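The values are calculated or read from the model by the stated rules, or taken from the named source; none is laboratory data. The shown structure was predicted, so the numbers you read here are calculated from the model rather than taken from an experiment. Positions of Cβ are backbone-derived with ideal geometry, glycine not excepted, and every protein chain shown enters the neighbour counts. Each accessible area value is taken on the protein alone, full model and side chains, heavy atoms only, with ligands, DNA and RNA left out. Shrake-Rupley method; radii C 1.70, N 1.55, O 1.52, S 1.80 Å.
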Amino acid sequence: MLEYGESRGINSYRSEIHQIPEVSQILADEEKHEKILMNLLDEERLHYIGDIILGMNDALVELTGSLAGYTLAMQNSKIIAMAGLITGISATLSMAGSGYLSAREDKSKNAVKSTIIIGLSYFITVVFLIFPYLIFPAGAYLWALAVTILIALMIIAGFNFYISVAKDRPFGKGFWSMAGISIGVAVISFAVGYVVKHVLGISL
């Protein structure tokens, strides 16, 4: 955010440089300050942003889809929460293992730290998504799904805001891309849950 302020200042000075020659020195100072600020944005989180995206995005897509499918197939918030937690823990371990193998091939990253980051980002996302099913009554499974989708959108919005500031990327493109995939998978899985329930004739 500070860097954006420096950029606005530089553009303001640049528009006045022809009228006030002394502005050229001020402009040079502002550009120097901007470079210093950009060098300060060496956050460790930014070096592992790909791992965070991998863990979070997979959890959003996979678990939102799974919970949507479970919702119509099981129609009981508590059973859905149990199934979602089992799915989430298993997927976290699987994702962390895959992340370790991938990071080990990438000599520029710490494989163990990368694995921990992927696993944590996945599991934390799982906890947030399952939480509504734990607090809603057993019969309020559709409300739980609605809140879960809302939480997923809030996670996507918060994450993309951070990326848009830290990496100077457009917010809308990243948000709608992640949101579209997550919601699309949830809708398809919801339909799959309906079909499976009626084809297999299983009632819980």
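For the residues Gly139, Gly158, Gly174, the requirement of being of a type outside the set (S, T, N, Q) and surrounded by 17 or more Cβ atoms within 10 Å (Cβ to Cβ) singles out Gly174. Among the residues making up the range 107-122, those that are within 16 Å of Ile53 (Cβ to Cβ) and free of Cβ contacts under 8 Å to residues at least 40 places away in the same chain are Thr115, Ile116. The set of residues in the range 107-135 being surrounded by 21 or more Cβ atoms within 10 Å (Cβ to Cβ) and either in contact with a Phe, Trp or Tyr (Cβ under 6 Å, 6 or more places away or on another chain) or outside any helix (DSSP H, G or I) (or both) consists of Thr115, Ile117. Between Ala81, Ala73, which is within 21 Å of Phe190 (Cβ to Cβ) and modelled with pLDDT under 90? Criteria check complete, one pass: Ala73. Taking only the range 84-106 into account, find how many residues are open to solvent by 20 Å² or more (accessible area, probe 1.4 Å) and either touching a residue at least 60 places away in the same chain (Cβ under 8 Å) or under 15 Å from Phe131 (Cα atoms) (or both). So the answer is 4. Here Ile149 passes the criteria (1) assigned to a helix (DSSP H, G or I); (2) exposed (fewer than 15 other Cβ atoms within 10 Å of the Cβ); (3) not basic (Lys, Arg) except the one numbered (2).
Only a single item in (1) in a helix (DSSP H, G or I); (2) touching a residue at least 12 places away in the same chain (Cβ under 8 Å); (3) open to solvent by 50 Å² or more (accessible area, probe 1.4 Å) is not met by His198, and it is number (2).
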